[in-house]
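Enquirer: Below is a structure I'd like to ask you about.
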Amino acid sequence: MRDSWLFNLHLQARGEKVQPSDAHVAVSIDQELRRANLPFDGLIDLCGWLNLTDSRATGQEPAINMRVSTPVAVMLGESKLDSNKLSVILHAHPNFDTSTISLAINEFPGVGLNSRQQVGHRVTWGSVKKGRRIGRLRIHLRNAASVHAVLSVGTRTAMRGWINDPNKAVNVRYLATRQFDNDLEKLRQTVLEASESRKFEKGIASLLFLLGFSPTQHIEEDAPDIIVASPKGTIALVECTLKVADFPKKVGKLVDRRNALLRTLEANKHNLRVDAFLVCSIPRAQIATEDSLLSRQKISLITREELVEAFEQVRLPRDPDQMLDAAYARLTNEHRFAGLGG
């Protein structure tokens, strides 16, 4: 996972896929929970309280994730950027050798290569308090609306992240959206903690707008969830889902609708590529669907990891056409390797 934001030790133990409950059984469980001494409004309410997912409803495999954090971390929530003044807070294990860290920063929009520097040696470390050693860095920058920080321990990357000036942003679309949704709190919740399909689709359309695309949602139900146009005119069809069990149906719709659109474009003398994306908020490791199936159909899968990364980058203008070309290139390579493997 070269593009992860946190490089901690992790292990996932998967269980067997749970079959959907009989409708009568599900109703009975809901009724019992509503009449219990400690009442819950059905299994969905109970799972929400426990912060669990009912795998029978989502169709995904149950799993337990175990993670061990890095011995040192940049505290992004405590670090600040204000009027080109960067303040970084780091927390380290009391026995950690702080001389082994490297901290690279890159300011945006910046001033060329002068915006990139290593500053780990400038961190001032305090004494151990409450089981942690706290490091502080204060530095003046030249032209920073955002700072990309990369923390390494020895030769290994520990974490990557963004520190943003709340009063600056290069992306005008971000400023316009943030005006009515402070820090994109509602949008993040709608996309990353989705529980309703329609709201999830609307949230993905808003995120695509922030990334520089022109998305639209049809009133007609027999249509893709979202149709997207890039600045250069490339068209992409997007289907959204909250359930792994819906993947086969969504893939079939994407293939049929893309083929139909391609025929229409060709009949009207438009020699355009039509991209297809399947978007879900589930982590990639919990998706049992084979990537080879999607690559054979030339469909890009966007999972929770890519959605989180997108939110980290919406403050800066991006080239939507380059993003589509990169996704298409990955599909082409995956399809070629799948063919070599038989």
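The values are calculated or read from the model by the stated rules, or taken from the named source; none is laboratory data. In this text the structure is predicted, and so the values were computed from the model without any measurement. Positions of Cβ are generated from backbone atoms using ideal geometry, with glycine treated the same way; all protein chains shown enter the neighbour counts. Just so you know, the surface numbers come from the protein's heavy atoms only, side chains and all, with ligands and any DNA or RNA stripped out. Shrake-Rupley method; radii C 1.70, N 1.55, O 1.52, S 1.80 Å.
Enquirer: Assign unit charges at the C-beta atoms only (+1 for Lys and Arg, -1 for Asp and Glu), then state the dipole size of the chain relative to its Cα centre in Debye, rounded to the nearest 20.
Expert: Values: 46 positive and 39 negative charges, 277 e Å.
Value, rounded to 20: 1320 debye.
Enquirer: Ignoring ligands, DNA and RNA, please state the percent of accessible area on the chain from carbon and sulfur, probe 1.4 Å.
Expert: 52
Enquirer: For the chain, modelled as a Gaussian network with Cα springs under 10 Å, which listed residue fluctuates most, 46, 301, 81?
Expert: 46
Enquirer: Tell me which of 47, 65, 127 sits at the most positive position along the dipole axis of the chain, charges placed on C-beta atoms (Lys, Arg +1; Asp, Glu -1).
Expert: 127
Enquirer: Then there is this: Could you state the angle between the C-alpha long axis of helix 247-267 and the longest principal axis of the C-alpha atoms of the chain, as a value from 0 to 90 degrees rounded to the nearest 10?
Expert: 80
Enquirer: If you don't mind, another one. Expressed as a whole number of Å, what is the distance separating the alpha-carbon centroids of the stretch 265-328 and the stretch 208-231?
Expert: Here the answer is 13 Å between Cα centres.
Enquirer: What is the spread of the Cα atoms of the stretch 178-310 along each of their three principal axes, largest first, in whole Å?
Expert: 45, 37, 26
Enquirer: Also, quick follow-up: What is the extension gain from residue 266 to residue 296, computed as 0.36 nm multiplied by their sequence separation minus the C-alpha to C-alpha distance, in nm to one decimal?
Expert: The residue 266-residue 296 span can extend by a further 8.6 nm.
Enquirer: Explain nothing, just the number: relative contact order of the chain, from Cα pairs under 8 Å at least 6 residues apart, as a whole percent. Let's see the in-between values first.
Expert: Details: 562 pairs, mean separation 45.6, N = 342.
Rounded, it is 13 percent for the chain.
Enquirer: With the Cα gyration tensor of the chain giving a ≥ b ≥ c as the square roots of its eigenvalues, does the rule (a/c under 1.5 for rounded; else a/b larger than b/c for prolate; else oblate) give rounded, prolate or oblate? Present the calculation step by step, with values, prior to reporting the outcome.
Expert: On the way: a/c = 1.82, a/b = 1.26, b/c = 1.45.
Oblate, since a/c reaches 1.5 and b/c is not below a/b.
Enquirer: Here is a further query. Which three numbers, in whole Å and largest first, are the semi-axes of the equivalent ellipsoid of the stretch 230-289 derived from its Cα gyration tensor as √(5λ)?
Expert: Three semi-axes, in Å: 27, 13, 7.
Enquirer: In what order, largest first, do 24, 218 sit by accessible area if the probe radius is 1.4 Å?
Expert: Result, largest first: 24, 218.
Enquirer: Moving to a separate point now. As a test of the formula, what do you get for the chain when each DSSP H run with n ≥ 4 contributes -39,500 (n - 2.57) and the sum is divided by the residue count, at 222 nm and rounded to the nearest 500 deg cm²/dmol?
Expert: That calculation yields -10500 deg cm²/dmol at 222 nm.
Enquirer: Once phi is turned into ³J(HN,Hα) by the Karplus curve 6.51 cos²θ - 1.76 cosθ + 1.60 with θ = phi - 60°, what whole-Hz value does each residue of the stretch 209-218 show in order, with x for glycine and proline?
Expert: Karplus values, whole Hz, x for Gly and Pro: 4, 4, 7, x, 8, 10, x, 9, 10, 7.
Enquirer: If exposed trypsin sites (Lys or Arg not before Pro) are those in a DSSP loop with at most 15 other Cβ within 10 Å, what is the longest stretch of the chain that has none?
Expert: Longest stretch, sites excluded: 18-129.
Enquirer: How far, in degrees from 0 to 90, does helix 23-35 lean away from the longest principal axis of the Cα atoms of the chain, to the nearest 10?
Expert: Helix 23-35 and the main axis of the chain meet at about 50 degrees.
Enquirer: Classify the stretch 54-148 from the C-alpha gyration tensor, please: rounded if a/c falls under 1.5, else prolate or oblate depending on whether a/b exceeds b/c.
Expert: Working: a/c = 2.65, a/b = 1.42, b/c = 1.86.
Oblate.
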